[in-house]
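To keep things clear, I will list the structure first and then write my remarks on it.
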Amino acid sequence: MGDDAQIVYSDGRIETRNAQSTTGFQQVDGETDPGTLTPFTTQSIIVNFNSIADGRGFSLVKAIRQNTGYQGAIFASGDINPDHLSFAFQVGFDAVIVSAERWQKYGGDSWRAALNPAVRLSYSQTHSKSLQSIWQQRHRI
């Protein structure tokens, strides 16, 4: 992660962090075959997207959640645009790391606008036991 990268969280927060913020995270290439996954030993994983047109990282994180039972934080990083936010959170990412360059390219307003519906529709906490949000179900809240 580069200096002044933005981290967009599925609960609606946007924070600025530097490269040291991801020290100790396990890096996983988004092109990794889900069939080769082994149990993860870190508290946080970063799945790197190498191309804006390659969605294998979305399938990979879904497999990580479903097949390995991993409960830690998973971040998306790399070639991601605002249109990817909602889907990223639906398949199991907790946050998206946006480089300063990509943040500037699309503009902060575009990232915030893309985040709002995703948070409202999928991640806002409910008070119903039978109609919990994706976030509540994933974290057993």
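The values are calculated or read from the model by the stated rules, or taken from the named source; none is laboratory data. Predicted model, so just to flag it, every value in this text is computed and none were measured. Methodologically, a virtual Cβ is constructed for each residue, glycine included, from the backbone with ideal geometry; neighbour enumeration extends over all protein chains shown.
Things to note:
- Candidates are the residues of the stretch 1-24 that are of a type in the set (Asp, Glu) and at pLDDT below 75; the one that is surrounded by the fewest Cβ atoms within 10 Å (Cβ to Cβ) is ASP3.
- Here GLY30 passes the criteria (1) surrounded by fewer than 18 Cβ atoms within 10 Å (Cβ to Cβ); (2) in contact with a Lys or Arg (Cβ under 8 Å, 6 or more places away or on another chain); (3) of a type in the set (Gly, Ala, Ser) except the one numbered (1).
- Which numbered condition ASP94 misses (of (1) acidic (Asp, Glu); (2) more than 19 Å from PHE25 (Cα to Cα); (3) surrounded by 13 or more Cβ atoms within 10 Å (Cβ to Cβ)): (2)
Quick grid of which residues meet (1) surrounded by fewer than 13 Cβ atoms within 10 Å (Cβ to Cβ); (2) in contact with a Gly (Cβ under 6 Å, 6 or more places away or on another chain); (3) touching a residue at least 40 places away in the same chain (Cβ under 8 Å); (4) among the basic types (Lys, Arg):
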{"residue": "PRO34", "(1), (2), (3), (4)": "no, no, no, no"}
{"residue": "THR41", "(1), (2), (3), (4)": "yes, no, no, no"}
{"residue": "ASN48", "(1), (2), (3), (4)": "no, yes, no, no"}
{"residue": "VAL61", "(1), (2), (3), (4)": "no, yes, no, no"}
{"residue": "THR68", "(1), (2), (3), (4)": "no, no, no, no"}
